[in-house]
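S.K.: Please read through the structure below; I'll follow up with questions.
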Amino acid sequence: MKENLDFLGISQADLARRAGISIKHINQIAQGTAPLTPETAILLERVLDVPADVWNSLEANWRTQEQRRQDTEILQQQLSWLDRFPLRELVARGIIPNRAKTVDNLRLLLEFLGVGTPEAAENVWGSYKVAFRRSTTKTPDEYATAVWLSLALRSARQVECEPYRRETLVALIPQLRALTLTEPKHWLAELPKICAQAGVAVVFEPAMPKTHLSGATRWLTPDKVMLALSDRFKRIDQFWFAFFHEVGHIVLHGKRLTFLDDNPAAQGDFSSEEEEANKFAADTLIPSTYAEQYRKLSERPKPFSNIERFADLARIAPGIVVGRLQHERRLKWSEGHRLLSSVDFQAHRPAG
């Protein structure tokens, strides 16, 4: 405004008279202490021959700049919130560039989490906890959990799926179970493809310290559900139990709840939904068809060739049978490791 007045040789008082606005208001606009309204922009367009759109754009940019300055001052007072997060993990996963407690890093974290302020984040997570079902013997770090879940959600939203159909997912279970016999590089590629046919977005997010999470399910839209898995235990039996546990939640419980699950095979008190999902996973991996053969095996699991013969009969990976026997205390946790293949998302992720 000042530049235009100087160019035209018009004083602020003259502009005020020409536009029918008080001198005080013109001065406040020039100083940036009063907003330039659309009505004023129209008047200035007539007097100064500068389009109203230009004035409105300048005003919007100025106000945004001022608000960013104020926002920076507010965030500067909230930098301690960063101390609650696993900064090393945030850097390793490309969320922030370094571990410095700066306003820029705080902004990046808020943008990543999809929240406007630290207070909003706390309120959002508080409401989610009502829906989460987690079986755990350890106290989880809710901030690390929020990061892990946000990473999984971002990945899941990128997965293209057919609309969710429960009957399709149920029909695919034998095909999914057969993948337990394949190498990790194969099923890491095939699991998402197969499940996408039923509206399930499967994502693999490497485990994060202090989250104590094996997996999570969450509905993204009425026609798409996320099934996220971690490699927390690095064991084939734990991975596949967690996968079918989450499938159980989707098949049995539909859209009623959002689930965050710790080790679903751990002992402890579970909600009815957790118990149902546990049973679904156990019965899927070792169906009742083989109940008698499994009973005989559990009475005499060694030599380990017995386990391999049963696994071959049931068409399931031997490591899954080892895990079941260990859970039922038919084998010691130190036994059967030769049959337990490892699961590491980073090491086994397919190229490309």
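S.K.: Based on this model, can you work out whether HIS186 counts as surrounded by fewer than 18 Cβ atoms within 10 Å (Cβ to Cβ) and of a type outside the set (Val, Ile, Thr)?
M.R.: yes
S.K.: For segment 201-234, give me each residue that is in contact with a Lys or Arg (Cβ under 8 Å, 6 or more places away or on another chain) and among the aliphatic types (A, V, I, L, M).
M.R.: Within segment 201-234, ALA201, ALA207, LEU213, LEU220, VAL225, MET226, ALA228 qualify.
S.K.: Just checking, which of ASN61, ASN105, ASN98, ASN4 is out of contact with any His (no Cβ under 6 Å at 6 or more places or on another chain) and outside any helix (DSSP H, G or I)?
M.R.: ASN98
S.K.: Cβ-Cβ below 9 Å, separation at least six or inter-chain, first residue in segment 143-169 and within 15 Å of ALA228 (Cα to Cα), second of a type in the set (Val, Ile, Thr) and in a helix (DSSP H, G or I): which pairs?
M.R.: Listed pairs, sorted by first residue: ALA146/VAL124.
S.K.: Quickly run through segment 251-306 and pick out the residues that are at pLDDT below 90 and closer than 24 Å to HIS337 by Cβ.
M.R.: ASP262, ASN263, PRO264, ALA265, ALA266, GLN267
S.K.: If you don't mind, another one. Just the residues that are under 45 Å from the mean Cα position of the chain (by Cα), β-branched (Val, Ile, Thr) and closer than 15 Å to ASN4 by Cβ, please, taken from segment 30-66.
M.R.: If the condition is that a residue be under 45 Å from the mean Cα position of the chain (by Cα), β-branched (Val, Ile, Thr) and closer than 15 Å to ASN4 by Cβ, then VAL54 is the only one that fits.
S.K.: Go over the candidates ARG295, ARG324 one by one and state the one that is in a helix (DSSP H, G or I), of a type in the set (Lys, Arg) and either at positive phi or surrounded by fewer than 16 Cβ atoms within 10 Å (Cβ to Cβ) (or both).
M.R.: ARG295
S.K.: Kindly indicate whether ASP71 is surrounded by 13 or more Cβ atoms within 10 Å (Cβ to Cβ), under 30 Å from the mean Cα position of the chain (by Cα), at pLDDT 95 or above and assigned by TED's automatic domain parsing to the domain that holds ASP6.
M.R.: Judged against the criteria, ASP71 is a match.
S.K.: Is it true that LEU108 is surrounded by 16 or more Cβ atoms within 10 Å (Cβ to Cβ), outside the structural domain of SER155 (by TED's automatic domain parsing) and closer than 30 Å to ARG154 by Cα?
M.R.: In short, no.
S.K.: So, one more: If SER80 satisfies all but one of (1) part of a helix (DSSP H, G or I); (2) at pLDDT below 95; (3) surrounded by fewer than 14 Cβ atoms within 10 Å (Cβ to Cβ), what's the number of the condition it fails?
M.R.: Of the numbered conditions (1) part of a helix (DSSP H, G or I); (2) at pLDDT below 95; (3) surrounded by fewer than 14 Cβ atoms within 10 Å (Cβ to Cβ), the odd one out for SER80 is (2).
S.K.: Please give the number of the condition ARG88 fails out of (1) modelled with pLDDT of 95 or more; (2) within 24 Å of GLN70 (Cα to Cα); (3) part of a helix (DSSP H, G or I).
M.R.: (2)
S.K.: Read through the list (1) touching a residue at least 40 places away in the same chain (Cβ under 8 Å); (2) not in a helix (DSSP H, G or I), then give the number of the only condition that ARG177 fails.
M.R.: (2)
S.K.: A further question follows. Which pairs turn up if I take residues in segment 84-100 that are on the phi < 0 side of the Ramachandran plot and look for partners that are at pLDDT 95 or above and of a type in the set (Phe, Trp, Tyr) with beta carbon separation below 7 Å, at least 6 apart in sequence or on another chain?
M.R.: Short answer, once both residue conditions are applied: ILE95/PHE112.
S.K.: Shifting gears a bit: State whether one or more residues within segment 197-206 are assigned to a loop (DSSP other than H, G, I, E, B), in contact (Cβ under 8 Å) with a residue 12 or more places away in the chain, over 21 Å from LEU260 (Cβ atoms) and assigned by TED's automatic domain parsing to the domain that holds HIS327.
M.R.: Taking every residue of segment 197-206 in turn, at least one turns out to be assigned to a loop (DSSP other than H, G, I, E, B), in contact (Cβ under 8 Å) with a residue 12 or more places away in the chain, over 21 Å from LEU260 (Cβ atoms) and assigned by TED's automatic domain parsing to the domain that holds HIS327.
S.K.: Can you find, within segment 208-233, the residue that is modelled with the highest pLDDT among those that are surrounded by fewer than 18 Cβ atoms within 10 Å (Cβ to Cβ) and assigned to a loop (DSSP other than H, G, I, E, B)?
M.R.: ASP223
The values are calculated or read from the model by the stated rules, or taken from the named source; none is laboratory data. Only a predicted model underlies this, so the values are computations on that prediction, with no experimental measurement involved. Every residue, glycine among them, receives a Cβ derived from its backbone with ideal geometry; neighbour counts consider all protein chains shown.
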